[in-house]
Every structure is written in C-alpha cells, then in structure tokens.
Amino acid sequence: MSANQNLTRRVALGLLAGGTMTGGAFLLGSGRLTRGAAPDHRLQASTLDYALQGDQVTAGMMSFAADGPPPVLRLRRGAETIIDVTNDLGEPTTVHWHGLRIANQQDGVPYLTQWPIMQGETVRYSFAAPDAGTFWYHPHCNTLEQMARGMTGALIVEDDENAGFDRDLVLNLRDFRLGKDGQFIELFRPRQAARGGTFGTVMTANWRVQPTYDLPGGSLVRLRLIATDVTRIYRLSLTGAEARLIALDSHPTPPAYQPQEIVLAAGQRADLAIRVPEVEGETAVLNTTISGRPVALARLRAVGRSAGRRLAELAPLAPNPVAEPVLEKAEIIPFLFGWAPGDRPAPSLCGTLGYTFWSINRQPWPGDFPEAPGALAVLKKGRSYILRLRNETKNSHPIHLHGLTFRLFRSDKRQLPPLLTDTALLQANETLDIALVADNPGDWAFHCHVIEHQKTGLAGYIRVE
Ligand code: C2O
Ligand code: CU
Ligand code: CU
C-alpha cells in the first residue's frame with residue numbers, strides 16, 4: 001500500500017469514526033452531512049475541456065462547474081448561506097472562502113479545519129458573512145494544480161443598501177500556462193518557484209482573452225477586479241472612462257485614496273466606480289502594465305443612448321464592522337519570511353510540488369498532513385496585536401491571513417495607505433507592521449498567495465483562542 005493509499009484509508013477511517021487527527025474535532029454537519037435545508041448554491045468540482053482562446057479547446061481544465069468557469073457566487077451580508085460542494089475532480093479537494101471572517105470550521109483548509117473532500121463526496125459549507133464586498137473562493141488542497149487549471153471563482157457579498165449602480169461587473173483576472181497548441185504546459189518551474197513564481201502564458205478575464213462588455217452609455221458600473229492568478233502582481237489602470245477606486249480587498253477605501261495604478265497581488269481585489277463613456281461605441285480599456293507597457297485585459301463598450309449618470313451621484317460605501325486594534329496595548333509578534341531550502345516534502349493527499357524553498361520563522365511548512373506542526377503564534381481572543389512581518393528575501397510576497405482582517409500600520413520602506421485587508425504585499429527586504437484584533441477563534445492559515453511559495457514552504461497558521 002502506498003503512502004497515499006494509506007493516508008486515504010486513515011482519512012476514511014477518521015471520517016467514519018468522526019475521529020480527530022489534529023486534536024480539534026471537526027463539527028458534525030460542518031461538512032459531511034447534506035440532509036436538511038436545500039443549499040443556496042451548489043458547486044461541482046469538475047474537470048473539463050473548454051475553448052479558452054477562440055475555438056481552441058484546452059483539455060484538462062478544472063472548475064467549480066461541469067461546463068464552464070466557476071460561477072460568481074452572490075451572498076447577502078449576515079444571511080446564513082449553505083453551499084454544497086460535490087467533488088467530481090477525481091482527486092481530493094477543499095474550498096476556502098478567501099477574505100470571509102467566518103467560523104473556523106467552514107474555512108476549508110485540509111486537516112486544520114476539515115477533512116479533504118474525497119472524489120464523489122458532497123460536503124456542505126454554511127456560514128454568514130459579516131462583511132460586504134468582493135471576495136473569492138478556491139481550493140486549499142493540491143492548490144497549485146487545481147487553481148492553475150481554473151478553480152478560482154468570485155464571491156460577492158451584497159449589502160442591504162443599494163449603492164446606486166446601474167450594473168455590477170465582476171472580472172476574474174488570471175493567467176493560464178498554455179503552449180502554442182492551447183494545452184497546459186508544466187504548471188510551475190522549480191527555478192521560478194524559488195524566485196518570483198512561474199507566470200502563465202495566456203492572460204484572461206472571466207476565462208476569456210480581452211473580452212468586451214457592452215454597457216449602457218453614461219451608466220454607473222461597479223467593476224469588481226479579482227486577482228485570482230497563482231503568481232501575477234497586476235498593475236491596473238483604466239483608460240477611456242471616469243473611474244474611482246472605492247474598495248480594496250473587500251473594504252471601502254478613503255475617497256481621497258486614488259492611486260495612479262492599482263497594484264493587486266495574487267489574492268487581492270479592487271472595486272471601481274466607473275462611468276461608462278457617453279457615446280455609443282466608445283470604449284474604456286482595463287490595462288495591466290508589464291515591463292512599462294500597458295496590456296489590455298478587458299474592454300467596456302458604451303451602447304445605447306446615454307443614461308446621463310454622474311459619479312458624484314454615488315454615496316460612499318458603508319464601512320464593514322471590523323474592530324479597530326488598540327495600538328497602545330498591542331503586543332508585537334515578529335514573523336520572519338525567509339529562504340529555507342530543505343528536504344523533499346513527503347507525499348500528501350493534497351499534493352506536493354516536491355521542493356522546499358521558503359519558510360516562516362525558519363520553519364518550512366511540511367505539507368498538508370493530519371498531524372500539523374504547531375501554530376506560529378497563539379493570540380488571545382479579543383486582544384489587539386501588531387504582527388511584524390519581516391521579509392529577508394529579495395522577492396515580494398503577498399502575505400495572506402485567513403479569518404481575520406488587519407490594518408496596514410507601518411513600513412520601514414514606504415508610506416502606507418490606511419487600508420484594511422486580508423492580503424498584504426510584503427515587499428523585498430521590507431518590514432511591515434500590521435495590526436488586528438484577534439476576534440475570531442480558530443487555527444487560521446497564514447501564507448504567501450504566490451501558490452508555488454505557499455506549496456514550497458511559505459505557510460503556517462496562527463491560533464486564536
Ligand atoms: Cu486565498 Cu489560504 O487562501
Ligand atoms: Cu484565505
Ligand atoms: Cu511568496
């Protein structure tokens with residue numbers, strides 16, 4: 001029996017016995033049982049062949065739907081939502097709801113919060129999202145492969161208030177690593193994984209190359225941009241239309257904060273208020289800058305008679321109920337993000353890339369196993385903390401914390417905007433202080449969102465108790 005089969009058996013036994021492997025019991029009903037209420041949403045983790053570029057069919061894609069891109073999930077803030085996930089991938093998976101401050105057992109991290117969802121199983125997630133905004137969802141098991149093949153979807157939490165937009169348009173931005181024949185090539189290169197990460201070759205928005213969206217001329221659109229790529233740091237700008245940044249990483253931004261370009265690292269989101277050009281046929285272009293040059297990602301084209309709206313008609317977004325840390329009382333906890341070439345990781349049910357390059361506090365994450373290493377830090381519930389993130393590498397890392405929202409506080413390298421987020425782009429050799437209130441108990445994954453970095457060591461978790 002191989003190690004993998006052995007683990008499968010242990011997981012299966014654990015399931016039957018309702019047993020625990022990490023010491024924390026997974027709640028009954030947090031996953032396994034789907035009887036009771038009908039779900040609000042169903043996701044079907046699937047493999048599929050799909051025409052990504054024109055009519056060229058790419059084989060071996062993965063999605064949360066059997067026949068196309070992952071659906072955009074729309075939830076209402078504060079409303080209990082049930083999502084049933086059926087696994088038809090042929091390999092284990094889990095689903096993580098990136099940015100949602102929900103109960104730990106719904107967080108979708110293998111072994112830390114739930115058992116992997118095995119082929120053929122249906123698992124029920126249910127939660128109420130406390131914050132409105134733009135979020136996303138993705139697997140946390142065999143993460144590089146499943147995400148690189150397509151499993152990244154938008155999750156929108158709607159407010160009760162009508163913010164005054166005529167339209168709401170989501171752009172799921174990501175690359176695919178395809179060869180000239182439109183088929184997947186190696187999903188990563190070790191040489192790149194040990195540096196900035198491996199880039200895709202085909203840039204897409206909503207699984208389309210430079211799509212054009214027709215929108216009523218002169219109307220107000222809420223454009224939700226989600227960087228779901230496994231590596232890329234986008235430098236976004238919009239030309240040809242009036243636009244204002246209104247939120248970053250789900251949280252409303254100060255009106256005066258209008259950067260020249262919006263930098264979105266892997267995992268981050270931006271919401272823009274846009275006034276579509278007035279004249280029919282006029283087009284606005286969303287660009288990302290690569291080596292100093294703009295590359296078009298998507299176009300918005302005005303159609304029909306002008307709706308004659310004005311950006312000034314929009315009321316500011318209501319803030320989310322995120323607790324403000326009390327900085328004078330905050331304990332400072334240092335974390336070191338570093339280089340740590342190490343042993344080849346052991347095979348895991350949730351995949352391994354076969355290399356160790358990175359570490360947090362000199363400890364490379366060994367992979368996803370029933371026996372997790374200890375927490376990087378233990379925070380007391382309700383207290384304020386400053387997490388001091390020191391990057392001793394010459395690469396930048398989008399550092400993501402599950403389950404909690406933090407404020408950018410200070411950097412030894414740059415002026416920081418006053419932003420709330422769950423993912424901070426830690427720059428090369430930077431020390432960045434972030435502040436938070438540890439108000440959500442549980443074991444929260446803490447990792448780089450360049451998935452190759454995450455899967456070659458740059459991961460761990462923080463316990464709030
Ligand atoms: Cu989107 Cu563990 O992350
Ligand atoms: Cu997350
Ligand atoms: Cu990284």
Run P319 past the list (1) more than 21 Å from V170 (Cα to Cα); (2) loosely packed, with under 15 Cβ neighbours inside 10 Å; (3) of a type outside the set (V, I, T) and report the number of the one that doesn't hold.
-> (1)
Cβ-Cβ below 9 Å, separation at least six or inter-chain, first residue in region 200-228 and within 16 Å of P71 (Cα to Cα), second of a type in the set (D, E): which pairs?
-> T204/D175; R224/D168; R224/D271; L225/D271
Within 23 Å of the chain's Cα centre (by Cα), in a loop (DSSP other than H, G, I, E, B) and at positive phi, is that true of G218?
-> no
Residues in region 322-342 that are open to solvent by 80 Å² or more (accessible area, probe 1.4 Å) and either assigned to a loop (DSSP other than H, G, I, E, B) or closer than 15 Å to H251 by Cα (or both) total 2
When (1) over 22 Å from P321 (Cα atoms); (2) more than 16 Å from ligand 1 (Cβ to nearest atom); (3) not polar (S, T, N, Q) are applied to A438, the one that fails is (1)
Identify all residues within region 409-424 that are open to solvent by less than 30 Å² (accessible area, probe 1.4 Å) and hydrophobic (A, V, I, L, M, F, W, C); write none if there are none.
-> L419, A424
Can you name the condition, by its number, that A256 falls short on among (1) out of contact with any helix residue (DSSP H, G or I) (no Cβ under 8 Å at 6 or more places or on another chain); (2) more than 22 Å from M203 (Cβ to Cβ); (3) surrounded by fewer than 17 Cβ atoms within 10 Å (Cβ to Cβ); (4) touching a residue at least 24 places away in the same chain (Cβ under 8 Å)?
-> (4)
Does region 384-395 hold any residues that are touching a strand residue (DSSP E or B) at 6+ places or on another chain (Cβ under 7 Å), open to solvent by 40 Å² or more (accessible area, probe 1.4 Å) and either assigned to a loop (DSSP other than H, G, I, E, B) or within 16 Å of ligand 1 (Cβ to nearest atom) (or both), and which are they?
-> E392
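Is it the case, given these coordinates, that D55 is in the same structural domain as E145 (by TED's automatic domain parsing), closer than 23 Å to D131 by Cα and open to solvent by 40 Å² or more (accessible area, probe 1.4 Å)?
Numbers: in the same structural domain as E145 (by TED's automatic domain parsing): yes; closer than 23 Å to D131 by Cα: no; open to solvent by 40 Å² or more (accessible area, probe 1.4 Å): yes.
Criteria not met by D55.
State which residue is least open to solvent (accessible area, probe 1.4 Å) when the search covers only region 297-308 and only residues that are closer than 30 Å to M203 by Cβ and among the charged types (D, E, K, R).
Keep residues of region 297-308 that are closer than 30 Å to M203 by Cβ, which gives 297-304.
Restricting the remaining residues to those that are among the charged types (D, E, K, R) gives 299, 301.
Values: R299: 74, R301: 94 Å².
In this case the residue turns out to be R299.
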Would you pick out the residues in region 221-243 that are buried (at least 20 other Cβ atoms within 10 Å of the Cβ), in contact with an Asp or Glu (Cβ under 9 Å, 6 or more places away or on another chain) and either in a loop (DSSP other than H, G, I, E, B) or among the small types (G, A, S) (or both)?
-> D229, V230, T231, R232, A241
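Considering each of G351, G403 in turn, give the residue that is surrounded by 15 or more Cβ atoms within 10 Å (Cβ to Cβ), within 16 Å of ligand 1 (Cβ to nearest atom), in the same structural domain as I451 (by TED's automatic domain parsing) and more than 28 Å from E465 (Cβ to Cβ).
Values: G403 fails: more than 28 Å from E465 (Cβ to Cβ).
It is G351.
The values are calculated or read from the model by the stated rules, or taken from the named source; none is laboratory data. Owing to the predicted nature of the structure, the values given are computational and were not obtained by experimental measurement. Glycine also receives a Cβ, built like all others from the backbone with ideal geometry; neighbour counts cover every protein chain displayed. Surface areas here come from the heavy atoms of the whole protein model, side chains and all, with no ligands, DNA or RNA. Shrake-Rupley method; radii C 1.70, N 1.55, O 1.52, S 1.80 Å.
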